[in-house]
Amino acid sequence: MVAETRLHPSDLIAPLFIDEGQGQRHEIPSMSGYFRYSLDLTVGEVRSLWDLGIRCVLLFIKCPDHLKDNTGREAWNPDGLMQRSIRSIKDACPDMIVMTDVALDPYSEYGHDGIVRDGYIVNDETVEALVRMSISHAAAGADFVAPSDMMDGRIGAIRKGLEENNFTQTGIMAYSAKYASCFYGPFRDALDSAPGFGDKKTYQMDYANRREAIREVDQDIAEGADIVMIKPAMAYLDIIREVRDHVDVPVSAYHVSGEYAMIKAAARMGWLDEDKAVMESLTSIRRAGADLIATYFAREAAQLLQY
């Protein structure tokens, strides 16, 4: 009765990994109990999540190796896996909010979020590609595009591109404070998108920095972001709180794959109670100020919240 923080299934965003094929369900080795589905099974999963009270999914696709290059052009293919996935999900469950990942790493032969020139990630060329990608997602029916790349100026460019193409109702959830974190490892396993060289520290944030997060958030809001995100979540609760106190737009947080994998591994060893760890972790993120939480525990948490 006197709890200050409450968690509801509608606070949760369910990330979904989608692969080509039919009737395919592949468990991700480093994410016990989490799967990459073919599109036909993804549609069933979306309907099931809706029935549990979850109202938002965030889509990621696994691009076949033969379609990867250094331009990212498969990312804006109108018949690409992402575009087909958006259309199928909106046809099957029209009221489900569909968010789409916007970054080039699943499509890159180098596994980086941007186009590579002479060993460097080039910002402006990458932004042009991200705009094309975002417009194609909007054309397919996405409710929100979610740029996760951390290139400079991409939110303003995407907003301009959406407006110029009459996608005025398509929102932007910006990964505004995305840190160069070791906790992303299992995700890269899920999509086979690990960097082929170096790391992502030239465009993702230094985890030692706090004030920089506020500057990044302010810039994204000024450029047209509707929602700002902090990623990861549990090691950055102070950033979530500071951003929440600073801005008026909705704040989201990403409870990332490494945070999921740690809880799963500890529970499997009998070192903690998984259900309790899930609920305490998600409630702490909500308490820190996140309005929305992207989490691989979305299904489990929604089921636990039924009781």
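The values are calculated or read from the model by the stated rules, or taken from the named source; none is laboratory data. Computed from a prediction, not measured in an experiment: that's the story for all the values here. Counting neighbours? That spans all protein chains shown, and the Cβs are built from the backbone with ideal geometry, glycine included. The area values use the complete protein model at the heavy-atom level, side chains included, leaving out ligands, DNA and RNA. Shrake-Rupley method; radii C 1.70, N 1.55, O 1.52, S 1.80 Å.
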Cross-chain or 6+ apart pairs with Cβ under 6 Å, the range 202-230 first and within 14 Å of Ser252 (Cβ to Cβ) and modelled with pLDDT of 95 or more, then open to solvent by less than 40 Å² (accessible area, probe 1.4 Å) and among the charged types (D, E, K, R): Val228/Asp220
Conditions (1) under 30 Å from Ile121 (Cα atoms); (2) open to solvent by 50 Å² or more (accessible area, probe 1.4 Å); (3) in a strand (DSSP E or B): number failed by Ile18: (2)
The range 40-66 residues that are on the phi > 0 side of the Ramachandran plot, paired with ones that are of a type in the set (A, V, I, L, M) and open to solvent by 40 Å² or more (accessible area, probe 1.4 Å) (beta carbon under 6 Å, 6 or more apart): none
Residues located in the range 249-266, provided they are modelled with pLDDT of 95 or more and not hydrophobic (A, V, I, L, M, F, W, C): Pro250, Ser252, Tyr254, His255, Glu259, Tyr260, Lys264
Scope the range 164-174; condition surrounded by 24 or more Cβ atoms within 10 Å (Cβ to Cβ) and out of contact with any Phe, Trp or Tyr (no Cβ under 8 Å at 6 or more places or on another chain); matching residues: Ala174
Matching option when the condition is farther than 21 Å from Ala138 by Cα, charged (D, E, K, R) and open to solvent by 40 Å² or more (accessible area, probe 1.4 Å), among Asp65, Asp69, Asp79, Asp11: Asp65
Filter result (in contact with an Asp or Glu (Cβ under 8 Å, 6 or more places away or on another chain), part of a strand (DSSP E or B) and open to solvent by 10 Å² or more (accessible area, probe 1.4 Å)) within the range 117-156: Arg117, Ile121, Phe144
Filtered residue count, the range 155-174, keeping only those that are free of Cβ contacts under 8 Å to residues at least 60 places away in the same chain and closer than 20 Å to Tyr254 by Cα: 3
Residue match in the range 42-52 (condition: part of a loop (DSSP other than H, G, I, E, B) and closer than 28 Å to Asp11 by Cβ): yes
